[in-house]
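Inspection log for the structure reproduced underneath, given as structure tokens.
The values are calculated or read from the model by the stated rules, or taken from the named source; none is laboratory data. If you're wondering where the values come from, they're calculated on a predicted model, not measured in any experiment. We place every Cβ from the backbone using ideal geometry, glycine too, and count neighbours over all the protein chains shown.
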Amino acid sequence: MELHAVRTFVAVADEGQIQVAAAQLGISQQAASKRVAALERELGVRLFLRTPRGTRLTLDGEAFLPHARELLVAAERAADSVRAGRRPLRVDVLGTQLITNWALQEFHRARPDVPLDVAMFKDGRSAVDAVRDGVVDAAFWGRDVPDDRLPRGVRSSRAVDEALVLATGPAHPLADAGSVTPADLAGHRIWIPGIVPGAAWAAYYEELADRFGLDIDPSGPNFGGSHMLRTVSASATVATFLGTHTLLSAPAGVEVRRIPVRRPTPVYPHSLLWRDDHPHPGLAALREFLDGLRAREAPGGGDGKGKGDGWVWLPSWHRSS
């Protein structure tokens with residue numbers, strides 16, 4: 001059933017004259033008559049009686065009119081749900097404890113006028129597919145993707161960087177250090193359970209370990225962040241890496257020291273993916289906010305070129321933009 005025909009029917013019923021209804025709709029009288037006739041053929045009934053003074057509804061027309069009005073209201077509500085700014089901006093954050101979720105929370109605090117819908121897919125490839133298929137408006141991913149390897153219509157840019165800190169228990173030899181360098185960590189066991197071979201994080205830590213001669217141990221079952229922190233807190237030999245904005249707190253009674261890593265600071269860059277066709281109006285606001293957030297939060301201003309305390313290390317696959 002054509003909505004424009006239903007809308008014309010309602011207008012003629014309200015005005016009582018096809019000519020007046022046509023003018024209201026901005027169409028010719030002939031076009032309005034054809035729409036009504038087509039609707040009558042589709043329904044198999046006469047909706048109007050033509051009189052010298054105009055038109056009046058038949059019994060079938062009177063029965064159809066309230067449903068026609070409901071149909072137009074439902075159509076308007078459906079269109080409103082996806083009009084610019086009406087639908088929430090849907091963003092995949094990778095996980096609830098990651099900096100990407102923290103960054104989106106900061107955006108929400110700064111721009112409460114932009115409604116949000118938070119999604120979480122099982123991995124980066126699923127997020128890329130979701131952006132490509134329009135399931136989400138944007139998605140964070142844990143590594144850069146060359147433009148020529150992205151699906152058609154999908155774009156990527158560096159979004160937010162996270163510096164790593166060393167987490168130890170109070171009995172660890174480095175627990176009282178004000179800061180450490182990657183060279184200081186050589187010979188110490190850094191336990192990061194649950195690294196999945198082939199994942200972006202696996203590639204990051206493999207390159208970090210090779211660059212600075214670190215012993216990164218992915219062994220053991222991954223029982224979650226709380227178990228990892230309990231293990232680290234109770235050990236004099238085990239440490240781990242955490243992000244500066246990892247949304248993970250030590251359980252009650254568990255003491256964990258967080259020690260800055262300097263000269264250089266290992267930084268993990270995250271990207272944002274989005275479609276460049278018909279973007280959600282809130283997407284521009286999110287990208288602008290993330291640009292400012294990265295400039296404020298990244299050590300050394302985020303360029304990796306300084307040689308003081310702000311000097312950072314980034315994986316070889318990162319892009320500067």
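The residue pairs whose first member lies in the stretch 98-119 and is within 17 Å of Val131 (Cα to Cα), whose second member is charged (D, E, K, R) and buried (at least 16 other Cβ atoms within 10 Å of the Cβ), and whose beta carbons are closer than 7 Å, counting only pairs six or more residues apart or on different chains, are Asp117/Arg90; Ala119/Arg90; Ala119/Asp92. Take the conditions (1) closer than 25 Å to Ala103 by Cβ; (2) in contact (Cβ under 8 Å) with a residue 60 or more places away in the chain; (3) surrounded by 18 or more Cβ atoms within 10 Å (Cβ to Cβ); (4) among the aliphatic types (A, V, I, L, M); Met228 misses just one of them, which is (2). Restricting Thr231, Thr246 to residues that are part of a helix (DSSP H, G or I) and either among the β-branched types (Val, Ile, Thr) or in contact with a Leu (Cβ under 7 Å, 6 or more places away or on another chain) (or both) narrows the list to Thr231.
Quick grid of which residues meet (1) buried (at least 20 other Cβ atoms within 10 Å of the Cβ); (2) polar (S, T, N, Q); (3) touching a residue at least 40 places away in the same chain (Cβ under 8 Å):
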residue: Phe241; (1), (2), (3): yes, no, yes
residue: Thr246; (1), (2), (3): yes, yes, yes
residue: Ser249; (1), (2), (3): no, yes, no
residue: Glu255; (1), (2), (3): no, no, yes
residue: Arg258; (1), (2), (3): no, no, yes
residue: Thr265; (1), (2), (3): yes, yes, yes
residue: His270; (1), (2), (3): yes, no, yes
residue: Trp274; (1), (2), (3): yes, no, yes
residue: His280; (1), (2), (3): yes, no, yes
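Residue check: Lys307 meets all listed conditions (1) over 25 Å from the mean Cα position of the chain (by Cα); (2) at pLDDT 90 or above but one, namely (2).
Within the stretch 169-188, residues that are farther than 9 Å from Val261 by Cβ and in contact (Cβ under 8 Å) with a residue 40 or more places away in the chain reach partners that are of a type in the set (Val, Ile, Thr) and assigned to a loop (DSSP other than H, G, I, E, B) with beta carbons closer than 7 Å, at six or more positions or on different chains, in the pairs Gly169/Val256.
The residues of the stretch 142-178 that are modelled with pLDDT under 90, in a loop (DSSP other than H, G, I, E, B) and surrounded by 17 or more Cβ atoms within 10 Å (Cβ to Cβ), listed by number, are Gly142, Arg143, Asp144, Val145. For the stretch 179-187, check the following and say yes or no: at least one residue is part of a helix (DSSP H, G or I), closer than 30 Å to Gly292 by Cα and not β-branched (Val, Ile, Thr). Yes. Within the stretch 1-31, can you find the residues that are among the small types (Gly, Ala, Ser), surrounded by 15 or more Cβ atoms within 10 Å (Cβ to Cβ) and in a loop (DSSP other than H, G, I, E, B)? Matches in the stretch 1-31: Gly16 only.
Of Gln29, Gln17, Gln24, which residue is without any contact (Cβ under 8 Å) to a residue 24 or more places away in the chain and either over 24 Å from Ala75 (Cα atoms) or not assigned by TED's automatic domain parsing to the domain that holds Ala74 (or both)?
Result of the check over Gln29, Gln17, Gln24: Gln29.
For the residues Leu242, Leu273, the requirement of being under 26 Å from the mean Cα position of the chain (by Cα) and not assigned by TED's automatic domain parsing to the domain that holds Leu290 singles out Leu242. For the stretch 32-75, taking the residues that are surrounded by 11 or more Cβ atoms within 10 Å (Cβ to Cβ) and acidic (Asp, Glu), the one that is nearest to Leu272 (Cα to Cα) is identified as Glu42.
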